[in-house]
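Peer 1: Sending over a structure as C-alpha cells; questions will come in a sec.
Read-outs: derived from the displayed coordinates by stated rules, not from any lab. Predicted, not measured: the structure shown is a model, and the values here were computed from it. A quick note on method: Cβ atoms are made from the backbone with ideal geometry, for glycine too, and the neighbour counts reach across all protein chains shown.
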Amino acid sequence: MKKFMLPKDLDPECLEVCQELNKLEGVRTTGSCCGHNRQPFKVWLDLDFKVWGHKVITRCICDRYYENGWDVNLEHSDVEPFTGFVLIGPGDASQGDVFAARIREVIAHPAVSKLFGVDLPR
C-alpha cells in the first residue's frame, strides 16, 4: 500500500491533526488551513463510511464527550465527487493539536475502540 504524504507547504499548526486523521482507516485529508488566528481552523476530508475512521471523528466532535468548537460540514465542489467534508474548528490555530489529542484519546479507550472495530497499532 502506498504511504500517504502530506504536502510540503502544510501550515505547521495543521501537521499533527492531519497526521492523526490520516492514520484513521477510511479518512484522507485533502487540504487544510489553520486559520492563522483570524478564520476557523479547517481540514478537508475524504471519508469512506464502510470502515471505522469517520466514527472516531464523530466521537471527537460530540458535545457529550468534549467541550467542542469543532464540527464537520458538507461542502460543494465543482468537480467530482462534487460533495466533500470539512472539519471546522475554532479560530485559535493551536487547536489542531488539541483535536489530534482527542483522536488519540478515543483510539486509546478500550471500550470505544472495541465498539468501533478499531484495529490500529499505536
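Peer 1: Calculate, in nm to one decimal, what M5 and E67 gain on full extension: separation in residues at 0.36 nm each, minus their alpha carbon distance.
Peer 2: Numbers: separation 62, 0.36 × 62 = 22.32 nm, distance 3.09 nm.
The M5-E67 span can extend by a further 19.2 nm.
Peer 1: Between L74, L24, L47, find the one with the highest GNM mean-square fluctuation for the chain; connect C-alpha pairs within less than 10 Å.
Peer 2: Of L74, L24, L47, the most mobile in the Gaussian network model is L74.
Peer 1: On the principal axes of its Cα set, how long, how wide and how thick is the chain? Give whole Å, largest value first.
Peer 2: Ordered largest first, the chain gives principal extents of 37, 32, 25 Å.
Peer 1: Let me have the 222 nm mean residue ellipticity of the chain computed from DSSP H runs of 4+ only, each contributing -39500 (n - 2.57), with the sum over all residues rounded to the nearest 500. Walk me through the intermediate numbers first.
Peer 2: Numbers: 4 runs with 38 residues, N = 122.
Result for the chain, helices only: -9000 deg cm²/dmol.
Peer 1: Hey, what's the per residue convex hull volume over the C-alpha atoms of the range 23-83, in cubic angstrom?
Peer 2: Details: hull volume 6.5 nm³, N = 61.
So the per-residue hull volume is 107 Å³.
Peer 1: Give me the net charge of G31's neighbourhood, meaning all other residues with Cβ under 12 Å from the Cβ of G31; Lys, Arg count +1, Asp, Glu -1. Walk me through the intermediate numbers first.
Peer 2: Numbers: positive: R28, K42; negative: D9, D11, D46, E75.
Combined, the nearby Lys, Arg, Asp and Glu give -2.
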